[in-house]
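K.L.:
Take a look at the following structure, please.
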Amino acid sequence: MTKGVDTRPRNADVKGVLELMARERYSQVPITPPDNPSEVLGLINESSVFAFVRGQGSTIEELLRPAPPRVSPHDFVDEELARMLKEHDLVLVYEDGHLTGIVTNSNLNKLIDYLEPYRIFPKLEQHLRDIARYLLAQKTANWILKRVIVPAQRARARTHEVERSPQTLDDTYFPDLVDALKDSKNQRFFQRKLRRRVREEAFGKMLNELEAVRGVRKDLAHSRPVDIDGLDKLRKAGRRVREVWMRLQTETERAPVSRHRDVEREGDRQQ
């Protein structure tokens, strides 16, 4: 929402309103009664400008366009708001009968950009857990949890970064999932499972891209905005993880029984 709405009274000079639009780069200006700046009668917008240039109107009354819809600052940002903006380009925000701000497509786009990392990361993390579950199986996963992940979690717990140690892969935090998949002692075991569907090079690129988004994950954990570079890295990592998981999932669906038996036997040998 943009606060501090610039309005003009109905009896204002047309040229003054158009100069305001050009100077401030406004695409529209709300027009109000002279005695009530919170009651929007309509808009002077880009369509009004073209009409003025073509000689199709010379007063505010002649150039006035219908007033846009109203919303409350407590309303949800949803499909209905997106529909309003698509139809009107502007939505008025009223609270207790007073005009407090406006919402434009620019505001909505900024919100979408801000929220996109929060949409991408949970999917990325879930696919990563699915990959770890496939590669490690349950017995080997328990071994990795005890040998790699739990010690790392306990080390961070001493610095108050975590509250408890994970018991399963579903409880495991993103950095520890990446560490478990990058552990050199596991690579030979992984490649045996990956070679049918995922090339070693693709798996390595996935790990590198996951490493690059550790900082993004910290920003999200602390509700800090993610910059363009971080968002680009997150998008790439998300696509790569999804691609690897889709290939492994195809292999899982093709031969689920033999896969689990092979992985469990390998896990027993490692223990």
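The values are calculated or read from the model by the stated rules, or taken from the named source; none is laboratory data. Just so you know, these numbers come straight off a predicted model, no measurement behind them. Quick reminder, even Gly has a Cβ in these numbers, built from the backbone with ideal geometry, and neighbours come from all protein chains shown.
K.L.:
State the number of residues belonging to the range 36-76 that are assigned to a loop (DSSP other than H, G, I, E, B) and over 25 Å from residue 109 (Cα atoms).
P.N.:
So the count comes out to 12.
K.L.:
Testing residue 93 on (1) assigned by TED's automatic domain parsing to the domain that holds residue 8; (2) among the aliphatic types (A, V, I, L, M); (3) within 24 Å of the chain's Cα centre (by Cα), one condition comes back false. Which one is that?
P.N.:
Among (1) assigned by TED's automatic domain parsing to the domain that holds residue 8; (2) among the aliphatic types (A, V, I, L, M); (3) within 24 Å of the chain's Cα centre (by Cα), the lone unmet condition for residue 93 is (3).
K.L.:
Could you figure out which of (1) within 29 Å of residue 228 (Cβ to Cβ); (2) hydroxyl-bearing (Ser, Thr, Tyr); (3) in contact with a Ser or Thr (Cβ under 7 Å, 6 or more places away or on another chain) isn't true of residue 7?
P.N.:
It is condition (1) that residue 7 fails.
K.L.:
Of the residues in the range 1-43, how many are under 34 Å from the mean Cα position of the chain (by Cα) and free of Cβ contacts under 8 Å to residues at least 40 places away in the same chain?
P.N.:
Number of matching residues: 8.
K.L.:
Of all the helices (runs of 4 or more DSSP H) wholly in the range 147-237, which have at least 3 residues that are at pLDDT 65 or above?
P.N.:
In the range 147-237, the matching helices (runs of 4 or more DSSP H) lie at 174-182, 184-194, 200-212, 214-221.
K.L.:
Can you spot a residue in the range 77-92 that is over 21 Å from residue 110 (Cβ atoms) and either modelled with pLDDT of 85 or more or assigned to a loop (DSSP other than H, G, I, E, B) (or both)? It would help to see each step written out before you state the result.
P.N.:
Of the residues in the range 77-92, the ones over 21 Å from residue 110 (Cβ atoms) are none.
Checked the range 77-92: no residue is over 21 Å from residue 110 (Cβ atoms) and either modelled with pLDDT of 85 or more or assigned to a loop (DSSP other than H, G, I, E, B) (or both).
K.L.:
When only residues in the range 20-38 that are more than 20 Å from residue 89 (Cβ to Cβ) and touching a strand residue (DSSP E or B) at 6+ places or on another chain (Cβ under 8 Å) count, which is surrounded by the fewest Cβ atoms within 10 Å (Cβ to Cβ)?
P.N.:
The qualifying residue surrounded by the fewest Cβ atoms within 10 Å (Cβ to Cβ) is 34.
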